[in-house]
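See structure below.
Read-outs throughout are calculated quantities, based only on the coordinates presented, and are distinct from any laboratory measurement. For clarity, every value in this text was computed on a predicted model and none was experimentally measured. Here the Cβ positions follow ideal geometry from the backbone for every residue, glycine too, while neighbour counts run over all protein chains shown.
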Amino acid sequence: MKGSNHHKAAPVDYPFFTPGVWVMLGFMLVGLAFVIARYILGLGGVTNLTNQYPWGLWIGVDVATGVALAAGGFTTAFLAHILHNDYYEVVTRPALLTAMLGYTFVSLGLFVDIGRSYNIWHPMIYHQPNSVLFEVAMCVMTYLTVLYIEFIPMVCERFIGKVNLPGPLASLNGFVDKLLRFADKFLDKFMFIFIIAGVVLSCMHQSGLGSLLVIAPYKVHPLWYTPLLPFLFLLSAIAVGFPMVVFESFLASKSLHRELEMDVLSSLAKFTPILLGIYMAFKIGDLIHRGAYVYLLEGSVQSNSFLVEMIFGVIVPFAMLLSKKVRQSPMGLFVAMLLVVLGVALNRVNVFLVGFLPAYASHHYFPSIGEMAITAGLIAGLMFLYRACVTIFPVLPVVEKVDEK
């Protein structure tokens, strides 16, 4: 639907605690129990990580995949704000929230993964410009700060003139209101700086994650190892940005029984075949140039996983999204975008886990129950906070509710 409501946002008026939310809380509690066990027993007591496999599910999924799927924040910011295409403004706030929460939980996952978590602040003081990890750490840290700054206008919009602190804190109501008004005016003038900084920082660390594997040429399967890996990581992150926004919109609409903004989502989907096609062209071209295509039909776990990634995560959705009929069909659009999201997620898992083959490993890595429980708990926590944020703050557009059946 097109109309004045397109650019209006309001807190969601829908019951917060539903059966799905209670399930999320269950996963969160189980994950928290394993987090406590991880800090009591150490990494060896909860994970299947070894000296040969120093990273596993938490890096492959919680960090690498989480960062890639949070790309909707900078792609929509670039489209709506830098290119001044106000028509897509309606999806920028949900995309920003998803990115902010995604990077927050990426940081929490990294905190759990690091052996000496209490040293996580060291990159801020002890600089090592020759380290890829240093570049990734500083970019993620700075970008997460930028995301929180970009979220402040929504806080201001929600509470300016409505600050009502309880009990003894009520004396601070006037001060907090003035602080919010100052922040709102300041950011209104300088927000463009943070938006540009966010896009630049995202491009830097999206490619930087690929650089982590470039320094390990003999440990990554030839189907994925390439000097172009940083560039391919960046292209795939850009390609998955809009599909993740569409996927998130479908989930939010279904969960909160809201009408889909199909006109905006269908319009957004027309960019995906172009971006996905560019990624596919470089991916296949690199494969042919390196001669790595000889491994495609070797029948190994790696070759089969690569074929699934490319066929169902790139080629099929690319072909589907070329059709205007698919882009305008809710089910067709959802399936196509879901395939792109799963394809990029599988790519990160393939590069960091499936294709990672240490020369002296005595066995293959498979995540433990504790690793899977913590990952599930983090994902549930992200979804729980997303629901809380859209209930409290004006994030989602004002639309009609869909009748429950």
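Annotations
- Mean Cβ count within 10 Å, highest first, over the residues of peptides 288-297, 150-159: 150-159, 288-297
- Whether region 257-384 is rounded, prolate or oblate, judged on the alpha carbon gyration tensor where a/c under 1.5 counts as rounded: oblate
- Order by protection proxy (mean Cβ within 10 Å, highest first), peptides 119-132, 354-367: 354-367, 119-132
- The chain: angle of helix 272-290 to the longest principal axis, Cα-based, in degrees nearest 10: 20 degrees
- Per-residue ellipticity at 222 nm, computed for the chain from helices alone with -39500 (n - 2.57) per DSSP H run of at least four residues, works out to -20500 deg cm²/dmol.
- Members of Lys254/Lys283; Lys283/Lys325; Lys185/Lys254 lying beyond 30 Å, as alpha-carbon distances in this model show: Lys254/Lys283; Lys185/Lys254
- Comparing Trp22, Ser329, Ser303 along the charge dipole axis of the chain, the residue lying farthest to the positive side is Ser329, per the Cβ-charge model.
- Extension gain, Ile284 to Lys162, is 38.4 nm, computed as 0.36 nm per intervening residue step minus the present C-alpha separation.
- The structure shown yields Cα extents along the principal axes in Å, and of the options (i) 56, 49, 47; (ii) 67, 53, 39; (iii) 64, 54, 45 that calculated value carries the label (iii).
- FRET efficiency for Tyr87 and Phe231, using Cβ-Cβ distance with R0 set to 22 Å, rounded to 0.05: 0.15
- Think of each Lys and Arg Cβ as +1 and each Asp and Glu Cβ as -1; about the Cα centre, that makes the dipole of the chain roughly 160 debye.
- Aspartates and glutamates whose Cα lies under 16 Å from that of Lys324, excluding same-chain neighbours fewer than 8 positions away: Asp263
- Prolate/oblate/rounded label for region 263-318 (Cα gyration tensor, a/c 1.5): oblate
- Against the chain, whose longest principal axis comes from its Cα atoms, helix 301-310 is set at around 40 degrees.
- Förster radius 45 Å - calculated FRET efficiency between Ile193 and Asn51, Cβ distance, rounded to 0.05: 0.50
- Against the chain, whose longest principal axis comes from its Cα atoms, helix 330-349 is set at around 50 degrees.
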